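Below is one structure, written out as structure tokens, with a few remarks after it.
The values are calculated or read from the model by the stated rules, or taken from the named source; none is laboratory data. Just so you know, these numbers come straight off a predicted model, no measurement behind them. Here Cβ is always computed from backbone atoms with ideal geometry, including for glycine, and neighbour counts include all displayed protein chains. We work out accessible area using only protein heavy atoms, side chains counted, and drop any ligands, DNA or RNA first. Shrake-Rupley method; radii C 1.70, N 1.55, O 1.52, S 1.80 Å.
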Amino acid sequence: MTDDSDGPLSVRSLNFDSPVPARELMAAIGVHPRGVDIMAAKLTARAIYVKNVKAVAANILKQEALSAGAEAAVHRHVINCRVARSDALLFGTAAALEDVARKLVGQDFGLDALGKEISRVLATWYAAPSLELKGRTYRLNAPLIVGILNVTPDSFSDGGEFDAPRAAIARARELLEQGAAVVDVGGESTRPGAAYVSAEEELSRVMPVVEVLAPEHPVSVDTRKAAVARKCAEAGAAMINDVSAGRDEPAVAEVCAEFGLPYVVMHMKGTPADMQQDPRYDDVVGEVRGFLAERAAWAKARGVEQIIVDPGIGFGKTLEHNLALINNVPALADLGYPVMVGHSRKSFIGKLTGAEVDNRLAGSLAAALVAARRGAHILRVHDVAATAQALAVDAAVTRA
Ligand code: HH2
């Protein structure tokens, strides 16, 4: 074919935060659809942190990574085996990492298991989980908004505002209209230093609201108590949110299994009474991830079919711990369960900015967008309309 066009040759930079525009551009260029699939896996570099690899295996990992066009950064004394073990930072395009995983499978020194685990992690990068609530399936490829409704006299941000059932029901309807897929009703404050509430007291707070709302709408109940979970499930609640992850009352998991309800397991260090007294971790992301994996497996073994994991922002964490957890949502999402993040109006925003609790909307929205971009599937927020608007603009701009 002769080239008789006389348009100028041009070069310009592109921003591919998400693969969607890149795929569309390749299609517009005229790339074969199969080529689009193959090349999309080479678009962005990603990283995997592997801990505690035997030196001999780390040497092979490095070789396989290089031969696949990826990289594996390991301890400098791995090469002469002066260290017995090393962590490894493995990075490259998704296509290269898939290649590395394939090459490791079948090898000795623990590399077979490592290859299979890397493959499992890679698969979670592309398959958005789904959530079934009251017979409706939600594909979590964009974050679902859970609106907070505290029917308590003492919650940290909205305590006392909605403790009369009529006001609470009206507020719930407002949250749903504003874009909440679910309303999370809580009858016990878990703010730092909060006192324990009896099951009778908690039930007297939540039941008037749950009985009216749950037959029509997806209602989640924020409770650590099996008696409360059971009564709410009988009244039609769609989900149970347990900040103790079943450690206070393991029977909460049995209620979820019996009624087929999704179960949120959240990380908390200590109890609400003592959790903010000098919380320490060696590796906050690794420890929270390990805890959530263990609690999810525990709930699964009790027959719970749908599990959601939550790092518990503000529950036994310093400012740095909270920031690291929000920025490292990918390390939680690769467990294979939907990830919920509850950052809304919390004190880490006050610590960063000096803003009081009733003036943390802008900080809450910023945290929501970062969490969403890092792959959070569910955002638990007070300000539903503003969060929905921020997410809609973010999604539209990054696809343009
Ligand atoms: N945070 C709070 C309560 N429940 N549940 C999950 N899954 N994740 C959270 O981050 C979370 C939660 C605390 O916030 P709030 O409900 O606004 O306040 P209070 O506990 O004082 O009622």
Quiz item: Using 1/(1 + (r/R0)^6) with R0 = 22 angstrom and r between the beta carbons of PHE259 and GLU200, what's the FRET efficiency to the nearest 0.05?
Solution: 0.55
Quiz item: In 20 Å bins starting at 0, how do the alpha-carbon pair distances of the chain split up by percent?
Solution: 25, 51, 22, 2, 0
Quiz prompt | Most to least accessible of ARG224, ARG85, ARG120 (protein chains only, probe 1.4 Å) | solution = ARG85, ARG120, ARG224
Practice problem: Average the reciprocal distances over every distinct pair of alpha-carbons in segment 227-335, invert the result, and give the Kirkwood radius in Å. | Solution: 14.3 Å
Quiz item: For segment 340-400, what is the accessible area per residue in Å², given a 1.4 Å probe and the full set of protein chains?
Solution: 44 Å²
Quiz item: Under a 5 Å amide H to amide H cut-off, with H placed in plane at 1.01 Å, what residues pair with ILE307 once short-range neighbours are removed?
Solution: TYR263
Self-check item: Ellipticity estimate at 222 nm from DSSP helix runs (n ≥ 4, -39,500 (n - 2.57)) divided over the chain, nearest 500
Solution: -13500 deg cm²/dmol
Exercise. Quick one: angle between helix 284-301 and the longest Cα principal axis of the chain, in degrees between 0 and 90, rounded to 10, please.
Key: 70 degrees
Quiz item: Given a 1.4 Å probe and every protein chain left where it sits, what share in percent of the accessible area of the chain is carbon and sulfur?
Solution: 53 percent
Quiz item: At a Förster radius of 30 Å, what calculated FRET efficiency corresponds to the Cβ-Cβ distance of ALA84 and ASN327, to the nearest 0.05?
Solution: 0.45
Practice problem: Grab the beta carbon distance between GLU294 and ARG46, set R0 = 22 Å, and tell me the FRET efficiency rounded to 0.05. | Solution: 0.30
Quiz item: Mind checking the angle between helix 361-373 and the chain's longest principal axis? C-alpha axes, 0 to 90 degrees, to the nearest 10.
Solution: 40 degrees
Quiz prompt | Between 0 and 90°, nearest 10: helix 111-126 axis offset from the chain longest Cα axis | solution = 70 degrees
Practice problem: Do me a favour and compute the ellipsoid semi-axes for segment 119-191 from its Cα gyration tensor, root of five times each eigenvalue, largest one first, whole Å. | Solution: 31, 15, 9
Quiz item: Could you give the accessible area per residue of segment 259-329, probe 1.4 Å, as a whole number in Å²?
Solution: 40 Å²
Quiz prompt | Relative contact order (percent, whole number), segment 301-400, Cα cutoff 8 Å, 6+ residue spacing | solution = 28 percent
Practice problem: Would you mind calculating the gained length between LYS134 and ASP278 on full extension (0.36 nm times residue separation, minus the Cα-Cα distance), in nm to one decimal? | Solution: 47.8 nm
Quiz item: Of the chain, which part is the longest with no chymotrypsin sites (Phe, Trp or Tyr not before Pro) in a loop (DSSP not H, G, I, E, B) and with at most 14 other C-beta atoms within 10 angstrom?
Solution: 197-400
Exercise. Go through VAL397, VAL20, VAL219 and list them by solvent-accessible area, largest first, probe radius 1.4 Å.
Key: VAL397, VAL20, VAL219
Quiz item: Hey, rough spin-label estimate for ILE29 and GLU177, points 7 angstrom out along Cα→Cβ, what's it come to in nanometres?
Solution: 4.9 nm
Self-check item: Quarter of Cα convex hull surface for segment 128-282, i.e. mean projection, nm²
Solution: 9.7 nm²
Quiz item: Which aspartates and glutamates, on any chain, are close to LYS103 with Cα under 12 Å apart, when same-chain ones fewer than 8 places away are left out?
Solution: GLU64, ASP112
